[in-house]
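S.K.: Sharing a structure, written as structure tokens. Questions coming.
The values are calculated or read from the model by the stated rules, or taken from the named source; none is laboratory data. No experiment lies behind these values; they were computed from the predicted model shown. Here Cβ is always computed from backbone atoms with ideal geometry, including for glycine, and neighbour counts include all displayed protein chains.
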Amino acid sequence: MTAAPPLVLAIAGSDSGGGAGIQADLKTMLALGVHGMTAICAVTAQNSVGVQGYWELPPAAVRAQLDSVLGDIGADAIKTGMLASAPIVRTVSQVLGRVSAPVVVDPVAVSKHGDSLLSPGTIEAVKADLLPLATVLTPNLFEAELLTGMRITDEAQMLAAAGALAAMGPRWVLVKGGHLPGRPVDLLYDGQTAIRFPGERIETRHTHGTGCTLASAIACWLALGKDVPGAVEAARSFVAGAIEGGFPLGAGIGPVDHGWQLRGGGRPACPASG
């Protein structure tokens with residue numbers, strides 16, 4: 001009998017266009033050799049030009065999915081993405097507070113197109129209930145600013161924001177610097193020491209799903225046995241190839257290519273993730 005691969009649970013929203021959200025999570029998990037499972041928190045009407053609408057699931061439906069998966073199958077790592085509302089955040093946090101698997105929190109607030117994906121009060125719930133449970137928090141610059149109230153325009157301010165975020169409870173904070181001008185860098189901080197991950201900028205507009213993919217890849221590598229710095233390094237390498245392989249889709253921003261390794265793509269230099 002074949003043994004089961006490592007198990008990774010994604011708790012997030014669905015992207016009808018297939019580039020981000022639960023769809024990106026599952027594609028990443030398949031590409032990296034783990035078994036992906038889901039708890040869907042919201043459904044979006046979304047394509048390459050934006051988010052036309054989203055609908056939250058009842059917290060009881062989210063709780064039922066979590067209880068079903070974790071009560072029978074379990075998980076070696078967990079990733080959270082779009083949680084949509086404060087009641088869903090509190091429901092997810094109640095469940096995750098009782099599990100021992102590492103938790104990667106991607107604090108999704110807006111889509112790649114700038115569309116809000118959160119109802120009022122959700123950020124406060126994330127800060128109070130979810131961040132203390134995070135093994136790794138993976139905000140981009142906008143999300144770091146939203147969570148801290150700080151303005152971030154350079155690497156020194158990225159580090160200051162990482163310190164403020166670490167004080168909210170996550171064991172590690174990865175502040176992604178891809179939206180700053182110049183050569184990008186991501187900063188991984190554990191409350192004492194910062195690890196720099198510099199990268200080369202890949203010139204492409206087709207980057208939909210980058211943040212979801214990175215957080216899911218980190219969770220995959222944690223499930224596969226790497227420590228946090230090693231998981232971040234390996235995940236950035238995977239995302240670099242996915243960005244390099246990004247392709248046009250529809251009239252707007254296309255997705256990254258989660259299957260680039262399956263098609264024999266090379267492994268380019270790691271960019272910082274936006």
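S.K.: Please pick out the residue among A10, A60, A24 that is at pLDDT 95 or above and either in a strand (DSSP E or B) or at positive phi (or both).
M.R.: Details: A60 fails: either in a strand (DSSP E or B) or at positive phi (or both); A24 fails: either in a strand (DSSP E or B) or at positive phi (or both).
Result of the check over A10, A60, A24: A10.
S.K.: Same structure, new question: Kindly evaluate I202 against the criterion of being in a loop (DSSP other than H, G, I, E, B) and touching a Leu at 6+ places or on another chain (Cβ under 7 Å).
M.R.: Details: in a loop (DSSP other than H, G, I, E, B): yes; touching a Leu at 6+ places or on another chain (Cβ under 7 Å): no.
So I202 fails the test.
S.K.: Taking the range 180-195 only, how many residues are under 25 Å from L130 (Cα atoms) and touching a Leu at 6+ places or on another chain (Cβ under 9 Å)?
M.R.: Step one: filter the range 180-195 for residues under 25 Å from L130 (Cα atoms), giving 186-195.
After this cut, where a residue has to be touching a Leu at 6+ places or on another chain (Cβ under 9 Å) as well, the list is 186-189, 194-195.
Number satisfying all stated conditions: 6.
S.K.: Exactly one condition in (1) surrounded by 15 or more Cβ atoms within 10 Å (Cβ to Cβ); (2) assigned to a strand (DSSP E or B) is not met by L180; state its number.
M.R.: (2)
S.K.: Here's another thing I want to ask about it. For the condition of a type outside the set (D, E, K, R) and touching a Ser or Thr at 6+ places or on another chain (Cβ under 6 Å), what is the one hit in S93, S85, S100? Don't jump to the end; show me each part of the working.
M.R.: Numbers: S93 fails: touching a Ser or Thr at 6+ places or on another chain (Cβ under 6 Å); S100 fails: touching a Ser or Thr at 6+ places or on another chain (Cβ under 6 Å).
S85 is the lone residue from the list that is of a type outside the set (D, E, K, R) and touching a Ser or Thr at 6+ places or on another chain (Cβ under 6 Å).
S.K.: Among the residues of the range 209-250, count how many are surrounded by fewer than 24 Cβ atoms within 10 Å (Cβ to Cβ) and among the polar types (S, T, N, Q).
M.R.: 1
S.K.: Just one of (1) out of contact with any helix residue (DSSP H, G or I) (no Cβ under 6 Å at 6 or more places or on another chain); (2) free of Cβ contacts under 8 Å to residues at least 60 places away in the same chain trips up V62, so point out which.
M.R.: (1)
S.K.: Is there a residue in the range 106-125 that is touching a Lys or Arg at 6+ places or on another chain (Cβ under 8 Å), of a type in the set (D, E, K, R) and either outside any loop (DSSP other than H, G, I, E, B) or at pLDDT 95 or above (or both)?
M.R.: Step one: list which residues in the range 106-125 are touching a Lys or Arg at 6+ places or on another chain (Cβ under 8 Å), which gives 106, 125.
If we keep only those that are of a type in the set (D, E, K, R) as well, we get 106.
Retained after the next criterion (residues that are either outside any loop (DSSP other than H, G, I, E, B) or at pLDDT 95 or above (or both)): 106.
Within the range 106-125 (the criterion being touching a Lys or Arg at 6+ places or on another chain (Cβ under 8 Å), of a type in the set (D, E, K, R) and either outside any loop (DSSP other than H, G, I, E, B) or at pLDDT 95 or above (or both)), the answer is yes, since at least one residue qualifies.
S.K.: Those residues that are at pLDDT 95 or above and in a loop (DSSP other than H, G, I, E, B), I need them from the range 39-57; list them, please.
M.R.: Residue satisfying the conditions is L57 alone.
S.K.: Quick one: which of R205, R151, R196 is surrounded by fewer than 16 Cβ atoms within 10 Å (Cβ to Cβ) and modelled with pLDDT under 95? Write out each step before concluding.
M.R.: On the way: R151 fails: modelled with pLDDT under 95; R196 fails: modelled with pLDDT under 95.
Going through R205, R151, R196 in turn, the sole match is R205.
S.K.: Are any residues in the range 24-43 crowded, with 23+ Cβ neighbours inside 10 Å and polar (S, T, N, Q), and if so, which ones?
M.R.: T28
S.K.: Quick test for you: out of V173, V185, pick the one residue that is buried (at least 16 other Cβ atoms within 10 Å of the Cβ), of a type in the set (A, V, I, L, M) and in contact (Cβ under 8 Å) with a residue 40 or more places away in the chain. Step through it out loud before you land on a result.
M.R.: Numbers: V173 fails: in contact (Cβ under 8 Å) with a residue 40 or more places away in the chain.
Residue meeting the stated conditions: V185.
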